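Enquirer: Structure provided below as structure tokens; questions to follow.
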Amino acid sequence: MVRETLMRPIVGEGATIKENGNKQPQTIVAVSPDLSIVIVQEDLARPDPLTPPYSNLWIIKPNGDGLIQKFTLRKNGAYVRAGEPLKGGQVLTLGVREKYLKYQF
């Protein structure tokens, strides 16, 4: 049974994990036929050398050696990291690759 989601996950497309105010870019590397499981791989993100320090402007590229993580579709339509609860679990945002560091000094 295919459940409704706002976006359909597509292999090769970007995704973002938001965690404690930070964002980490991902690439979708696999999707189950029923869309209930999405496997992502962490992208490589380097600071843009043409910007000042701490600007949060990044050069993002897929990384074949990046960390692989599994997300499962939940009843509210969100993809949450496998093994984590619906409430408070890490959520995957589809369709966008973003890197953001919440600098705290």
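Enquirer: Within the range 54-83, can you find the residues that are more than 17 Å from residue 42 (Cβ to Cβ) and over 15 Å from the mean Cα position of the chain (by Cα)?
Expert: Answer for the range 54-83, where residues must be more than 17 Å from residue 42 (Cβ to Cβ) and over 15 Å from the mean Cα position of the chain (by Cα): 54, 55, 56, 57, 74, 75, 76, 77, 83.
Enquirer: Just the residues that are assigned to a loop (DSSP other than H, G, I, E, B) and β-branched (Val, Ile, Thr), please, taken from the range 67-105.
Expert: The answer is 96, and nothing else.
Enquirer: Something else: Could you tell me whether residue 67 is surrounded by fewer than 13 Cβ atoms within 10 Å (Cβ to Cβ), touching a strand residue (DSSP E or B) at 6+ places or on another chain (Cβ under 8 Å) and at pLDDT 95 or above?
Expert: yes
The values are calculated or read from the model by the stated rules, or taken from the named source; none is laboratory data. Keep in mind the model is a prediction, meaning the values are calculated, not measured. All Cβ positions, even for glycine, are placed from backbone atoms using ideal geometry, and neighbour counts span all protein chains on display.
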